[in-house]
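The values are calculated or read from the model by the stated rules, or taken from the named source; none is laboratory data. Just so you know, these numbers come straight off a predicted model, no measurement behind them. We place every Cβ from the backbone using ideal geometry, glycine too, and count neighbours over all the protein chains shown.
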Amino acid sequence: MSWKGVLGRVSFINCEPIFHSIGPNWNVLSAPPSWLTGHLLRRDCLTAPIPTADYGKFQSELRLIPNIGIVSKGQVGSVLLLGHRPIESMRDIAIPSDSSTSTALLRWLLERKGNDPRLIEMGPDIDSMLEKCDGALLIGDRALDVARDEPESIVMDLGYEWTRITGLPMVFGVFAARIDSPIDHIREAHDLMVNQYEEFVNDPAVRNEVVSEVARRMQYDESRVERYFDEEVGNILDADGIRGLEYFLVEVCKAPEPPKWFDFEAN
C-alpha cells in the first residue's frame, strides 16, 4: 500500500481509543514515539502522533492535524521519573531513546529545581537503568507496568509537575504530516481518527470493548484502564491543550515560530 494509506501510531495504549477499529482501507504502522518522526519524514506513513519536541525540531517540514493529540491535564501516569532516592540527590538519570518530549520536559523541570544530574541514554529496561543510575525516566506501557509493580519507586509524574507549574495541559504528542501531503488524504485521515475517538467516548459498547481488550493484553484491572483513559491521558486537543502546546514549544523547545496547522476549510 502507498504511504498515503498508512497511519502511524504510538505502540502504547495511549492511542488505543483512536485506533481501536481502523477499517481495511488503511494500514497502521505501530512504532515507539521518536521512531514515528523518522517514518513520517521518510514518507513511510501519511500521518503519525510524533513527540511534540520533534515537531518543534522539524517545524519547517511538518504541519499539525487539528483536534487530536496525546494530552494530559494533570497526572499522566505513563511518563515517570523512577528511583529510590530523592531527586535532589540523584547524580545521574537514565533516559530512554524513544521519546524526545519526555526528555526535554525532564531537563526543563530539573533546571527549574536547580538540579543538574547527568542524563544517560539507555535502553528502556528499568532494572538495568537503576542498576547503573540513581534515577530512570520511563514512558508509555513500561512506565505503567513499573508503577503497578513498584509504586514506591515513583519520584515524579512529569505530566502532573508540568501542570502544577504552568496550569496548562501537557501535550506529549501531536498528530502531524509532511507539509506536501495531499490535503484530501489528510482530511480523510483526520475525520477517521476523530470519529474513532468519538465512538470510544460516546458508545458504551465500543468503550467497554477497548477497555476490556487493553486490560486483558496488559494484565490490568479494567478499573485501572478506565482511570487511565478518563483521568490521565486523552486524545482531544482543545483550546487549553493548544495553549499548553504553544507554551511548551516556546518555553522548552525554543521553537522559532508558532505551530502551523492543516486548514481543511481553506481547501
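Results, tabulated for the structure shown:
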quantity	calculated
Some residue of segment 182-194 being of a type in the set (Gly, Ala, Ser), touching a strand residue (DSSP E or B) at 6+ places or on another chain (Cβ under 7 Å), at negative phi and part of a helix (DSSP H, G or I)	yes
Condition check for residue 128: of a type in the set (Ser, Thr, Tyr), outside the structural domain of residue 8 (by TED's automatic domain parsing) and either within 29 Å of residue 240 (Cβ to Cβ) or in contact (Cβ under 8 Å) with a residue 40 or more places away in the chain (or both)	no
Residue count, segment 1-47 (criterion: part of a loop (DSSP other than H, G, I, E, B) and not polar (S, T, N, Q))	13
Complete set of residues in segment 239-259 that are surrounded by 13 or more Cβ atoms within 10 Å (Cβ to Cβ) and not in a helix (DSSP H, G or I)	252, 253, 255, 259
Residue within segment 181-203 that is farther than 30 Å from residue 266 by Cβ, among the polar types (S, T, N, Q) and surrounded by fewer than 20 Cβ atoms within 10 Å (Cβ to Cβ) present	no
Residue count, segment 210-227 (criterion: surrounded by 13 or more Cβ atoms within 10 Å (Cβ to Cβ) and assigned to a helix (DSSP H, G or I))	11
Residues of segment 228-238 satisfying the condition of being in a helix (DSSP H, G or I) and in contact (Cβ under 8 Å) with a residue 60 or more places away in the chain	228, 229, 231, 232
Residue within segment 54-61 that is modelled with pLDDT of 95 or more, assigned by TED's automatic domain parsing to the domain that holds residue 211 and part of a strand (DSSP E or B) present	no
Output for segment 144-160, where each listed residue is in contact with a Lys or Arg (Cβ under 9 Å, 6 or more places away or on another chain) and under 16 Å from residue 102 (Cα atoms)	144, 155, 159
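Yes or no, residue by residue, for (1) buried (at least 22 other Cβ atoms within 10 Å of the Cβ); (2) more than 16 Å from the chain's Cα centre (by Cα); (3) β-branched (Val, Ile, Thr):
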| residue | (1), (2), (3) |
| --- | --- |
| 5 | no, yes, no |
| 10 | yes, no, yes |
| 24 | no, yes, no |
| 37 | yes, no, yes |
| 45 | yes, yes, no |
| 54 | yes, no, no |
